[in-house]
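Engineer: Below you will find the structure I want to go over with you.
The values are calculated or read from the model by the stated rules, or taken from the named source; none is laboratory data. Quantities reported herein were computed from a predicted structural model and do not represent experimental measurements. Glycine also receives a Cβ, built like all others from the backbone with ideal geometry; neighbour counts cover every protein chain displayed.
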Amino acid sequence: MLASCAHKQEAMLSVTENKKADSLALNVALMPTLGCLPIYYAQRTGITDSLNLDIRLLRYTAQMDIDTALIRGHADVAYTDIIRAIRLSDSISLSAFLATDEPITMVAQKGKKINKLKDMNEKMIAICRLCATDYWCEKMLDSAKVKQEDVYRPQINDVKLRAKMIRTGLLEGAMLEEPYASWAIMEKNKNLFRTQDKSFGFAVWVTPFSLKKDNTRKKQIQKFVSAYKTAVENINKGLLADTLRSILIEEYEIPSSVVLDSLELPNIKQSALPQKRDVEEALNWLNSRGFVPKHFNADSFIITTISKE
């Protein structure tokens with residue numbers, strides 16, 4: 001004879017119920033960068049719950065992986081930049097509905113005789129190819145009158161790996177997003193260039209859905225925009241700072257000693273609609289590099305009717 005006992009358990013969702021729950025959720029592809037921080041914060045602090053918005057975070061550390069998630073239909077909303085969104089236009093139609101802040105810093109390795117950009121001749125600057133870091137690296141070298149062909153630019157797509165390589169002395173320079181740029185500078189690596197507010201608008205949130213046809217997605221994205229803006233306000237006010245520090249430690253993998261010591265993040269600017277001038281600049285830059293997307297429609301790329309009517 002066999003006997004058993006067990007604690008009372010909650011009823012499990014059936015496969016059908018699980019699929020239904022998943023279909024109602026908003027799958028968000030994001031990276032550990034400053035522009036994505038408000039979404040981590042909004043979910044952790046209950047802002048999304050208060051709006052009755054169910055979001056599922058798809059965590060990536062390389063923009064190319066987010067591109068794949070979009071193409072394969074895994075993501076309903078994704079963090080990217082205008083350059084990459086235009087490049088994807090031959091594979092999938094994307095619409096940008098929110099421009100966010102993403103300052104980019106050129107960090108040079110400490111201990112080297114690199115004190116200005118001209119010292120980077122015949123040295124390496126890690127970038128992610130054909131995206132905002134590539135764009136700003138080119139603009140930076142032109143402004144310093146450094147020949148593009150005199151600087152090696154290895155492609156390191158993983159943002160965490162790029163940051164680790166500069167901190168451990170494996171690279172002479174890297175274009176870094178926040179908070180990794182501030183972390184590297186804390187460790188006495190050198191800040192040779194920073195986009196400041198110039199990068200605003202290149203970082204965007206996009207969706208592959210036609211919001212004219214899919215009213216459910218439109219309502220979800222309205223709530224997403226509202227959650228993002230509330231999170232930015234709360235972060236800048238210093239509300240629930242302990243939660244923010246936990247996100248940096250757990251999601252961004254920054255050591256607690258660094259987060260609790262003196263890591264200071266730039267103030268996050270409030271989001272806005274993507275601007276046509278930024279789209280035109282990105283398109284012109286891609287054309288100058290020999291990439292001419294066949295199916296990109298600039299007029300329909302920016303969504304201007306997300307706000308509640």
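Engineer: Hey, can you tell me all the residues within region 256-306 that are of a type in the set (Gly, Ala, Ser) and surrounded by 10 or more Cβ atoms within 10 Å (Cβ to Cβ)?
Structural biologist: So the first thing to find is which residues in region 256-306 are of a type in the set (Gly, Ala, Ser), and the list is 256-257, 262, 271-272, 282, 288, 290, 298, 300.
Residues satisfying the conditions are Ser256, Ser271, Ala272, Ala282, Ala298, Ser300.
Engineer: Going through Ile66, Ile86 one at a time, which residue ends up being touching a residue at least 40 places away in the same chain (Cβ under 8 Å) and in a helix (DSSP H, G or I)?
Structural biologist: Details: Ile66 fails: touching a residue at least 40 places away in the same chain (Cβ under 8 Å).
Sole residue among the options that is touching a residue at least 40 places away in the same chain (Cβ under 8 Å) and in a helix (DSSP H, G or I): Ile86.
Engineer: Follow-up question, since we're still on this one. Report whether or not Arg56 is in a strand (DSSP E or B), of a type in the set (D, E, K, R) and in the same structural domain as Leu273 (by TED's automatic domain parsing). Outline the logic, then answer.
Structural biologist: Numbers: in a strand (DSSP E or B): yes; of a type in the set (D, E, K, R): yes; in the same structural domain as Leu273 (by TED's automatic domain parsing): yes.
Taking the combined requirement at face value, the residue satisfies it.
Engineer: Only one residue in Arg84, Arg59 is among the basic types (Lys, Arg) and surrounded by 23 or more Cβ atoms within 10 Å (Cβ to Cβ), so which one is that? Quick ask: steps written out before the conclusion?
Structural biologist: Working: Arg59 fails: surrounded by 23 or more Cβ atoms within 10 Å (Cβ to Cβ).
Criteria check complete, one pass: Arg84.
The rows are residues; the columns are (1) under 18 Å from Lys190 (Cβ atoms); (2) out of contact with any Gly (no Cβ under 7 Å at 6 or more places or on another chain); (3) not aromatic (Phe, Trp, Tyr).
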| residue | (1), (2), (3) |
| --- | --- |
| Thr80 | no, yes, yes |
| Trp136 | yes, yes, no |
| Val146 | yes, yes, yes |
| Asp150 | no, yes, yes |
| Val159 | no, yes, yes |
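Engineer: Across region 64-107, what is the number of residues that are closer than 23 Å to Gln220 by Cα and among the charged types (D, E, K, R)?
Structural biologist: Residues that pass the stated criteria total 5.
Each row is one residue, and each column tells you yes or no for (1) in the same structural domain as Val28 (by TED's automatic domain parsing); (2) under 17 Å from the mean Cα position of the chain (by Cα); (3) of a type outside the set (D, E, K, R).
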site	(1), (2), (3)
Arg44	yes, no, no
Leu51	yes, no, yes
Leu70	yes, yes, yes
Val77	yes, yes, yes
Ile82	yes, yes, yes
Leu88	yes, yes, yes
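Engineer: How many residues does region 253-277 hold that are touching a residue at least 40 places away in the same chain (Cβ under 8 Å) and either closer than 20 Å to Ile92 by Cα or hydroxyl-bearing (Ser, Thr, Tyr) (or both)?
Structural biologist: 3
Engineer: Out of all the residues in region 252-297, which are closer than 21 Å to Ile39 by Cβ, aliphatic (A, V, I, L, M) and in contact with a helix residue (DSSP H, G or I) (Cβ under 7 Å, 6 or more places away or on another chain)?
Structural biologist: Within region 252-297, Ile254, Val259, Leu263, Leu265, Ile268 meet the criteria.
Engineer: Going residue by residue through region 82-98, is there one that turns out to be closer than 28 Å to Gln196 by Cβ and of a type in the set (D, E, K, R)?
Structural biologist: Pass one, region 82-98, residues closer than 28 Å to Gln196 by Cβ: 82-88, 94-98.
Of the ones still in play, those that are also of a type in the set (D, E, K, R) are 84, 87.
Scanning region 82-98, I find at least one residue that is closer than 28 Å to Gln196 by Cβ and of a type in the set (D, E, K, R), so the answer is yes.
Engineer: List the strands (runs of 3 or more DSSP E) that sit entirely inside region 101-209 and contain at least 2 residues that are surrounded by 24 or more Cβ atoms within 10 Å (Cβ to Cβ). I'd like the intermediate steps shown before the answer.
Structural biologist: Numbers: elements: 104-108, 173-177, 190-194, 203-207.
It comes to 104-108, 173-177, 203-207.
Engineer: Additional query: Tell me which residues, restricted to region 277-304, are within 23 Å of the chain's Cα centre (by Cα) and either at pLDDT below 85 or among the small types (Gly, Ala, Ser) (or both).
Structural biologist: Ala282, Pro293, Ala298, Ser300, Thr304
Engineer: If you don't mind, another one. When both residues are 6+ apart or on different chains and their Cβ atoms are under 6 Å apart, which pairs have a first residue that lies in region 143-156 and is assigned by TED's automatic domain parsing to the domain that holds Asp119, and a second that is modelled with pLDDT of 95 or more and of a type in the set (D, E, K, R)?
Structural biologist: Ile156/Arg162
Engineer: Given the conditions (1) in contact (Cβ under 8 Å) with a residue 24 or more places away in the chain; (2) farther than 21 Å from Leu57 by Cβ, which single one is not true for Lys213?
Structural biologist: The single condition Lys213 does not satisfy is (1).
Engineer: For region 230-239, give me each residue that is buried (at least 17 other Cβ atoms within 10 Å of the Cβ) and either out of contact with any helix residue (DSSP H, G or I) (no Cβ under 9 Å at 6 or more places or on another chain) or more than 30 Å from Ala298 (Cβ to Cβ) (or both). Spell out how you get there, then give the answer.
Structural biologist: So the first thing to find is which residues in region 230-239 are buried (at least 17 other Cβ atoms within 10 Å of the Cβ), and the list is 230-232, 234-235.
Passing the criteria: Thr230, Asn234, Ile235.
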